[in-house]
Amino acid sequence: MGNSTLTGIGLKAMAAQFAGLQTTGHNIANASVAGYSRQQVQLATTAGQWSRGAFYGQGVDITAITRAHDSYLTSEAGNTVAMSSMDSSRLSQLQGLEAVFQPGENGLGDATSQLFKAMADVSSNPGDLSSRRVALARAGDLAARFRDASNTLDTLQAGVTTTLKATVTEINGLTSSIASVNQQISRQPGGVQTSSDLLDQRDQLIAQLSAKIRVNRIDNADGTASIGIAGGQSLVLGNKASQLQVIQDVNDPSRSAVALASGGVNQVIDAQSLGGGAVAGLLTFQNQDLVDGRNLIGRLSAAIGLAVNDQQARGISLQPPLGQVSGSRFFDVGSPNAIPNAGNLRYGTGQPIGSVALTITDPKALQASDYQLQAGSAAGTWQLTRLSDGLVRTVSSGDVVDGVRIDISNPQSGDKFLLQPVGRAASTMKALLSDPRDLAAASPLVATTDAANKGTVKVSGLQVTAAPLPTPGGTVQIAFTDDNGGYNWTLLDASGTGVGGGSGTWATGKPLPTPPDDFNGFTLQIEGVPRNGDLLTVAPTSASGVVTNNGNALSLLSLRDAGLVDGHTANDAWAQAMADVGVRVQSGRTASTISSAVADRAEQLRSSQSGVNLDEEAARLIEYQQGYQAAAKVLSVAQSIFDTLLQTTSR
């Protein structure tokens, strides 16, 4: 072995220590760069050389520049940031929805109360046109509040679509960048170590992508990474990136869906399979929270509007000729909607061949839900799924479900329909009456007690149950036939003849007759104790009595306390709707807080393994500096020995 060996050892040592200095400096320079992984010089002892009966060392070799990286922690950080982003995205939208369900003076509950307060004034003075004008104004305010709420929901939907498009554009940019980095990595010659900076760049791009949409990653043998959506579709394969698009939802064109463009065909991505990311949060809000909010508003709109319309039609207005049942509507309420699926068979004009018509038969039975209708297993039957709770029923054309009649025309194989009984009820709601005389405050019937009655019975309320009033329609009497505690009664026509089926027994506190029966168009609420022979007379309201009659105004006022919405009053239903949205917001806020904390913790764990600690790097810098100086000393000694050898041999 000669002096050249010592020189080689010194040179290798200097190169190794210089590489350490360069790498440490690179770490310090990038300490604040997001996603940067600490790099380290990997050294290995050079194989010794046998000489004169022993192995002599040959110095050190630089084998690689590696990065501090834990694939599991990196994957966990990506998954947790996807969940955090999904919860945060949904929460921001829910807060916008919460603004629609306001308490106090700006809420629908207050507008409803104001309408019924105005009705109370009308019932106190039915002939006062000023009170009637106030009632019509309050009706207009209520309808405007419903329309505003519906318009705000439409604005939220438009915001979701806009944000989805912007997010998808960012996703497409990120996937293209990942594919580009993959290409740079794949171009490196075989056997050459992949640049740590390129790997960091790709990891950072994937982390940013995870915040938009949750992804699965597969590392390939050639160093590239394949990226797929949690639902299974491929976004990046080698140096090829697929593109996402925002399209109309096939079930409801007013909503948006995300699709993967592949071979000229859009493959719609199942929103429920995404599992995380901002896109999943937006779609969850759109397809669940926003739909439910629209249906809560719509059901209340339909329940109030149709109930008031029904009662208005049973009364008498001040329009001539006086004494005739009004029949006019108080509110215009949006019609139920049946939307054909985009895949349904159509005529050449694009019009669907099959169609569905919906008719509300019982507003009180309406549910705050959309429905999915598709062909059932048996011929002529259909499977109806209530989307709010997943309840499935088998129906046929003409069946009534949840207060809605479903009529199906020209059904085609594979047809599907999205049914929205109340989803659009508030969107076009408006008050129809402009003339205060149109308000039907008078009842078409008036009930009186006979002057010769011996008991204390009196009429406390008369409810018209049909519009327009059917037969008997003329004067009728209710005659009590005993007073031994049974209080039997018989219905008599104008000639005093008993009307078929018009008899029964009255009990204190109960209507007469007992529901669901009525006197072919009306029921009575009575007080006191009847005696044998006592009579109650129900006769048409005279033209002269219309101005002072408040019977129908009282009936309109009674709607305030009636079970209009699933057995609840309108105000109670509004309170429940606000509570429902409030719970969603609170749950969303809690989920966002928790998932954000989990994501922060996962990132801290990843950073603790791969991040740069400046104190540690400063210590390494001194270590490498001293090593470099020592290696230089080895070279200096080798040079001195070489010079000595030259001097010796030259003598």
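The values are calculated or read from the model by the stated rules, or taken from the named source; none is laboratory data. Computed from a prediction, not measured in an experiment: that's the story for all the values here. Methodologically, a virtual Cβ is constructed for each residue, glycine included, from the backbone with ideal geometry; neighbour enumeration extends over all protein chains shown. Just the protein is used for accessible areas: all its heavy atoms, side chains included, with ligands, DNA and RNA removed. Shrake-Rupley method; radii C 1.70, N 1.55, O 1.52, S 1.80 Å.
Report yes if some residue within segment 423-430 is at pLDDT 95 or above, outside any loop (DSSP other than H, G, I, E, B) and either touching an Asp or Glu at 6+ places or on another chain (Cβ under 9 Å) or surrounded by fewer than 21 Cβ atoms within 10 Å (Cβ to Cβ) (or both); otherwise report no. Yes: one or more hits.
Scanning segment 329-341 for residues that are open to solvent by less than 60 Å² (accessible area, probe 1.4 Å) and assigned to a loop (DSSP other than H, G, I, E, B) yields PHE330, VAL333, GLY334, PRO336, ASN341.
Between VAL585, VAL612, which is part of a loop (DSSP other than H, G, I, E, B) and either β-branched (Val, Ile, Thr) or free of Cβ contacts under 8 Å to residues at least 24 places away in the same chain (or both)? Answer to the selection: VAL612. Note on segment 36-86: enclosed strands (runs of 3 or more DSSP E) holding 3 or more residues that are aliphatic (A, V, I, L, M) are 39-45, 60-67. In segment 45-63, the residues that are at negative phi reach residues that are in a loop (DSSP other than H, G, I, E, B) and open to solvent by 60 Å² or more (accessible area, probe 1.4 Å) with C-beta atoms within less than 6 angstrom, at least six apart or across chains, in these pairs: SER51/MET1; TYR56/MET1.
Of the residues making up segment 488-518, those that are open to solvent by less than 50 Å² (accessible area, probe 1.4 Å), assigned to a loop (DSSP other than H, G, I, E, B) and either without any contact (Cβ under 8 Å) to a residue 12 or more places away in the chain or touching a strand residue (DSSP E or B) at 6+ places or on another chain (Cβ under 6 Å) (or both) are TRP506, PRO513.
Which one is farthest from ARG584 (Cα to Cα), of the residues in segment 56-94 that are of a type in the set (A, V, I, L, M) and surrounded by fewer than 19 Cβ atoms within 10 Å (Cβ to Cβ)?
Taking segment 56-94 and keeping what is of a type in the set (A, V, I, L, M), we get 60, 62, 64-65, 68, 73, 77, 81-83, 86, 91, 94.
Filter once more, keeping what is surrounded by fewer than 19 Cβ atoms within 10 Å (Cβ to Cβ): 60, 62, 64-65, 68, 73.
On the way: VAL60: 64, ILE62: 58, ALA64: 53, ILE65: 50, ALA68: 42, LEU73: 32 Å.
My answer is VAL60.
Looking across segment 103-140, just one residue is under 19 Å from ASN295 (Cα atoms) and surrounded by fewer than 16 Cβ atoms within 10 Å (Cβ to Cβ), and that is PRO103.
With respect to ARG138, is the statement that it is in contact with a helix residue (DSSP H, G or I) (Cβ under 6 Å, 6 or more places away or on another chain), in a helix (DSSP H, G or I), of a type in the set (D, E, K, R) and closer than 17 Å to ALA431 by Cβ true?
On the way: in contact with a helix residue (DSSP H, G or I) (Cβ under 6 Å, 6 or more places away or on another chain): yes; in a helix (DSSP H, G or I): yes; of a type in the set (D, E, K, R): yes; closer than 17 Å to ALA431 by Cβ: yes.
So ARG138 fits the description; yes.
Give ILE218, ILE227, ILE247 a once-over and let me know the one that is outside any loop (DSSP other than H, G, I, E, B) and either charged (D, E, K, R) or surrounded by 22 or more Cβ atoms within 10 Å (Cβ to Cβ) (or both). Explain how you work it out, then say what you get.
Working: ILE218 fails: either charged (D, E, K, R) or surrounded by 22 or more Cβ atoms within 10 Å (Cβ to Cβ) (or both); ILE247 fails: either charged (D, E, K, R) or surrounded by 22 or more Cβ atoms within 10 Å (Cβ to Cβ) (or both).
Exactly one of ILE218, ILE227, ILE247 is outside any loop (DSSP other than H, G, I, E, B) and either charged (D, E, K, R) or surrounded by 22 or more Cβ atoms within 10 Å (Cβ to Cβ) (or both), namely ILE227.
Taking the criterion of being outside any loop (DSSP other than H, G, I, E, B) and open to solvent by 20 Å² or more (accessible area, probe 1.4 Å), the residues of segment 560-581 that qualify are ARG560, ASP561, HIS568, ASN571, ASP572, ALA575, GLN576, MET578, ALA579, ASP580.
Are any of the residues in segment 95-114 within 27 Å of ARG606 (Cα to Cα), in contact with an Asp or Glu (Cβ under 7 Å, 6 or more places away or on another chain), of a type outside the set (Asp, Glu) and assigned to a helix (DSSP H, G or I)?
Among the residues of segment 95-114, not one is within 27 Å of ARG606 (Cα to Cα), in contact with an Asp or Glu (Cβ under 7 Å, 6 or more places away or on another chain), of a type outside the set (Asp, Glu) and assigned to a helix (DSSP H, G or I), which makes the answer no.
The rows are residues; the columns are (1) more than 30 Å from the chain's Cα centre (by Cα); (2) open to solvent by 40 Å² or more (accessible area, probe 1.4 Å); (3) at pLDDT 95 or above.
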{"position": "GLY380", "(1), (2), (3)": "yes, yes, no"}
{"position": "LEU384", "(1), (2), (3)": "no, no, yes"}
{"position": "LEU391", "(1), (2), (3)": "no, yes, yes"}
{"position": "ASP402", "(1), (2), (3)": "no, no, yes"}
{"position": "ARG405", "(1), (2), (3)": "no, yes, yes"}
{"position": "LEU418", "(1), (2), (3)": "no, no, yes"}
{"position": "PRO421", "(1), (2), (3)": "no, no, yes"}
{"position": "LEU433", "(1), (2), (3)": "yes, no, no"}
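Within segment 543-557, identify whether any single residue is open to solvent by less than 70 Å² (accessible area, probe 1.4 Å), within 30 Å of GLY281 (Cβ to Cβ) and in contact with a Phe, Trp or Tyr (Cβ under 8 Å, 6 or more places away or on another chain), and answer yes or no. No, every residue in segment 543-557 fails to be open to solvent by less than 70 Å² (accessible area, probe 1.4 Å), within 30 Å of GLY281 (Cβ to Cβ) and in contact with a Phe, Trp or Tyr (Cβ under 8 Å, 6 or more places away or on another chain). Would it be correct to say that GLN412 is open to solvent by 50 Å² or more (accessible area, probe 1.4 Å) and of a type outside the set (D, E, K, R)? Yes; evaluated as a whole, the condition is true for this residue.
What residue, among those in segment 156-205 that are basic (Lys, Arg) and either modelled with pLDDT of 90 or more or open to solvent by less than 20 Å² (accessible area, probe 1.4 Å) (or both), is farthest from HIS69 (Cα to Cα)?
Our first condition is that a residue be basic (Lys, Arg); within segment 156-205, this holds for 165, 187, 202.
Restricting the remaining residues to those that are either modelled with pLDDT of 90 or more or open to solvent by less than 20 Å² (accessible area, probe 1.4 Å) (or both) gives 165, 202.
Details: LYS165: 34, ARG202: 13 Å.
Among those residues, the one meeting the criterion is LYS165.
Within segment 345-397, can you find the residues that are part of a loop (DSSP other than H, G, I, E, B), of a type in the set (A, V, I, L, M, F, W, C) and closer than 21 Å to GLN288 by Cβ? LEU366, ALA368, LEU387, listed by residue number.
Considering only residues that are open to solvent by 60 Å² or more (accessible area, probe 1.4 Å) and among the charged types (D, E, K, R), look in segment 607-642 and name the one that is modelled with the lowest pLDDT. In this case the residue turns out to be LYS633. Only one of the numbered conditions (1) in contact (Cβ under 8 Å) with a residue 60 or more places away in the chain; (2) under 26 Å from GLN420 (Cβ atoms); (3) in a strand (DSSP E or B); (4) not aliphatic (A, V, I, L, M) is violated by ASN266, and that is (1). Filtering segment 520-542 to residues that are open to solvent by 50 Å² or more (accessible area, probe 1.4 Å) and among the charged types (D, E, K, R) leaves GLU527, ARG531.
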